[in-house]
Every structure is written in structure tokens, then in C-alpha cells.
Amino acid sequence: LVRERVRSGAPIDRDVQIFKEEIDRVNAILGRLGTLDAEAPAEPARQSIQINRTLQDLLALYREPLFTGHGIAVRLDLAPQAPEVVVEADGIKQVLVNLWKNAAEAMPRGGQLHIAVTDRVNYEGRLMVEVAISDTGKGIAPELLEAVFTRRPGREAEPERGYGLSNSYAIVRRLGGHIMCRSHPGRGTTFTLLLPRSCAQRPVQP
């Protein structure tokens, strides 16, 4: 990616910063795997982040290896006012990458991925930010949909519907959010995240 940016004469400072943040995030995950309490649900350090910027940064890194290189077109519809969500930054990044990886694996012959952000969704009296991730892949069979967030991969299970989704569910719930899934075999799947919205934020441009 850096080589392409340099070749085109585009600035690379922001790209290098994104790459460094992702390397640090993955390094922290690998470090936790080596500890005895790797499976213990530690209380995350929450902060307000701009979800629009997070999506744009992750796409800068993962668009080519996950999507463009496999014939998958990505459409990103951001919320106009760049809403902030109260989450643990590394955790929500892991959820997004897990869902994107699932979508890419569901479209081995190419397809379309639509990522849409909607602000100010009232869910049970709380203002949330909705992030919907829709693919045009093979979908999830009805008999598997009910347990899609709890099933662990086995001999007959699809690997992309295993640990990634159960971990994503645990992370989102731990952060005070919600994750939902709807799917139609042969027509695609949509995962919807509802993330706690930061009410004390300044209006900013996306």
C-alpha cells in the first residue's frame, strides 16, 4: 500500500499512522494470548471515537487485501455529522475486521459490500449509532442463523461462522452495545451494530 502511495505521489503520513496503530493493536492481542487469563473478560477502557474516521482508517488498510483484490466492490455511506461512540477502540476495530472478513469469505466470486452509518437511533430509550454491514454473499442457512453468535466451529461448521462471530458478540455486549444479524440464503447477510452514542460531542465534519 505504501509503495502504491509513493508511486502515485500521494502523501503517506496518515497511512503510516494507520498501519502503526493496527500493528500495535494486533501485537496487544498476541500478547494477551500468552497470558493465563487470556480468556478472562477484562473491563475495557472506554473512550469517545469518531466512528466515521475509524471506518475510513480501517478501509484504507483492509480494502485491497479483503475486497478489491477479490472482486468485491465496497460502498461506504457515512453519517453526515461524524457521530462519536463510546467504546473501547481496539475492541470495536476487532469486531469490524471480523465482520468484514466473514463478508469477504461469503463472496469468493466477488460481490458488493455496503457499510452504512446512521446516527441518533433510539433503542430502548438510549441514543445509539447504527453501523450496518451488508454483503451479497451466499447467506446463512436458517437452521444455523439462530445460533450464529454462539456456535463454535467444528467438523461440519463453516469456519467463518465460528470464533470470530462469538467473540464479536461478546465484545459488543461488553461495551454496552447490541449486534444483530439477518440473512437470506443466496441473497446475502446484514450484521447491524448498535453502539452507545456520546452525547457530549462537538459538531464536526466527516
* In segment 104-142, residue surrounded by the fewest Cβ atoms within 10 Å (Cβ to Cβ) [restricted to those that are within 20 Å of LEU195 (Cα to Cα) and among the small types (Gly, Ala, Ser)] -> GLY125
* Right, ALA82: surrounded by 14 or more Cβ atoms within 10 Å (Cβ to Cβ), of a type in the set (A, V, I, L, M) and either without any contact (Cβ under 8 Å) to a residue 40 or more places away in the chain or closer than 28 Å to ARG3 by Cα (or both) or not? -> no
* When only residues in segment 6-23 that are touching a helix residue (DSSP H, G or I) at 6+ places or on another chain (Cβ under 9 Å) and part of a loop (DSSP other than H, G, I, E, B) count, which is surrounded by the most Cβ atoms within 10 Å (Cβ to Cβ)? -> ILE12
* **Tabulated pairs, segment 168-188, first in a helix (DSSP H, G or I), second open to solvent by 80 Å² or more (accessible area, probe 1.4 Å) and among the acidic types (Asp, Glu), C-beta under 9 angstrom, 6+ apart or interchain** => ARG174/GLU43
* Asked: Tell me, which residue of segment 184-199 that is modelled with pLDDT of 95 or more and of a type in the set (Ser, Thr, Tyr) is farthest from GLN81 (Cα to Cα)?
  -> THR189
* Among the residues of segment 61-93, count how many are polar (S, T, N, Q) and modelled with pLDDT under 90. => 1
* Inter-residue pairs, beta-carbon under 6 Å, first touching a residue at least 24 places away in the same chain (Cβ under 8 Å) and in segment 129-145, second of a type in the set (D, E, K, R) and assigned to a strand (DSSP E or B), 6+ apart -> VAL129/ASP119; VAL129/ARG197
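The values are calculated or read from the model by the stated rules, or taken from the named source; none is laboratory data. Since the model is a prediction, treat every value here as computed from it, not as a measurement. For neighbour counting, all protein chains shown are included, and Cβ atoms are generated from backbone atoms with ideal geometry for every residue, glycine included. Side chains are part of the model used for accessible areas, which takes the heavy atoms of the whole protein and leaves out ligands, DNA and RNA. Shrake-Rupley method; radii C 1.70, N 1.55, O 1.52, S 1.80 Å.
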